[in-house]
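Just below is one structure, and these are the notes that go with it.
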Amino acid sequence: MNLSVSGLSATRSGRTILHPTSLDIAQCEYIALVGASGSGKSTLGHVLIDNLRSRGLRVAHVPQCPEEALDPLRSMRFHWHETERALGFDPGSTDKKTLFTALKIQDGDLQKRPWAWSRGMQQRFVIAMALISAPDLIVLDEPTSALDPIIAAATMDLLGQYRKGHDTAMILITHDLGLAARHASTLIVMHNGRIVEKASTVEVLKHPQTDAAKSLVAHRIWAAMPC
Ligand SMILES: Nc1ncnc2c1ncn2[C@@H]1O[C@H](COP(=O)(O)OP(=O)(O)OP(=O)(O)O)[C@@H](O)[C@H]1O
Ligand SMILES: [Mg+2]
């Protein structure tokens with residue numbers, strides 16, 4: 001399903017932190033949303049999610065750290081069942097096996113609490129929870145910044161493989177141009193609460209048009225990465 005929004009904006013403490021913004025997201029499109037810290041990426045992500053959900057669309061959100069999604073006092077099974085209930089499914093009725101296998105957490109002990117799982121496994125579990133309802137769009141806000149680069153890349157690769165058989169579009173919010181360039185077909189660059197550039201990933205990386213994009217490309221730290 002193609003998703004289209006317009007007039008998204010946000011004001012905090014009398015300051016406009018997101019200027020009126022429109023966005024079209026094609027079915028299955030993989031967009032990386034990049035920009036300097038404070039440019040408004042997370043704000044756009046939140047406002048976009050609220051807008052689409054208010055229209056009845058299924059939109060999942062994966063936060064930066066698994067701690068934001070997982071209660072240290074509850075078992076992994078509890079989290080899974082709570083998420084199923086919240087999404088309107090009977091606990092235990094969804095296809096956990098396929099998601100766990102796709103995200104390589106099938107050996108995780110669901111009786112354990114989050115801290116008994118590695119952070120990489122925890123974040124892949126959170127991503128699996130986000131995929132339970134086969135969302136139209138999944139928004140991941142720096143989902144791998146707390147992981148080492150190899151686990152981060154592997155996690156995004158697993159998610160990429162899973163998405164191949166599904167219609168879920170994806171927005172990855174990241175500072176990491178290497179991760180963005182790895183699979184995203186479209187790059188959106190934000191600066192001071194505005195989208196200043198949107199083009200194919202290859203185009204932005206090869207021919208950045210704006211100072212914000214030029215600066216990001218010039219300061220990339222991934223030149224040696226096999227992306
Ligand atoms: N609740 C709030 N009250 C006041 N200002 C806010 C609030 N939330 C965000 N801001 C400001 O809005 C701007 C955009 O914030 P946002 O978190 O969207 O940026 P970001 O691009 O996601 O940054 P980062 O890369 O550091 O996560 C920043 O200047 C931030 O300080
Ligand atoms: Mg942010």
### Query
Could you give the dipole magnitude of region 1-65 about its Cα centre, charging the beta-carbon of Lys and Arg +1 and that of Asp and Glu -1, in debye to the nearest 20?
220
### Order by protection proxy (mean Cβ within 10 Å, highest first), peptides 181-189, 55-63
181-189, 55-63
### Query
Helix 149-163 sits at what angle to the longest principal axis of the chain, using alpha carbons and giving 0 to 90 degrees rounded to 10?
80
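Give the peptides 163-173, 5-15 in descending order of average Cβ contacts within 10 Å, highest first.
163-173, 5-15
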#### Entry: Considering only the chain, percent of DSSP beta bridges that pair antiparallel, nearest 5
40
### Query
For region 99-227, what relative contact order do you get, as a whole percent, if you take Cα pairs closer than 8 Å and at least 6 residues apart?
20
### Query
Placing +1 at every Lys and Arg Cβ and -1 at every Asp and Glu Cβ, with all other atoms neutral, what dipole size does region 85-227 have around its Cα centre, in debye to the nearest 20?
140
### Query
Of the cross-linked pairs K41/K206; K41/K97; K164/K198; K164/K206, which ones have a Cα-Cα span greater than 30 Å in the structure shown?
K41/K97
### Query
Once amide H atoms are built 1.01 Å from N in the peptide plane, which residues 5 or more positions from A60, or in another chain, come under 5 Å H to H?
L137, I138, V139
### Task
Measure nothing but the geometry: give the 0 to 90° angle between the long axis through the Cα atoms of 76-86 and the longest principal axis through the Cα atoms of the chain, rounded to 10°.
70
### Over the chain, relative contact order from alpha-carbon pairs under 8 Å, at least 6 apart, %
29
### Query
Label R15 and A36 with points 7 Å out from Cα along Cα→Cβ: what is the distance between them in nm?
1.3
#### Entry: Sequence of H207, H46 once ranked by neighbouring C-beta atoms within 10 Å, starting from the fewest
H207, H46
### Message
For the chain, take the longest principal axis of its alpha carbons; what is the angle in degrees between that and the long axis of helix 41-54, to the nearest 10 within 0 to 90?
### Response
60
### Query
If you take the charge dipole of the chain about its Cα centre, with +1 on Lys and Arg Cβ and -1 on Asp and Glu Cβ, which of P20, Q106, L87 is farthest toward its positive end?
P20
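Each reported figure results from applying straightforward, stated rules to the coordinates on display, with no laboratory input. Computed from a prediction, not measured in an experiment: that's the story for all the values here. Reconstructed Cβ throughout: ideal geometry from the backbone, glycine too, with neighbour counts over all protein chains shown.
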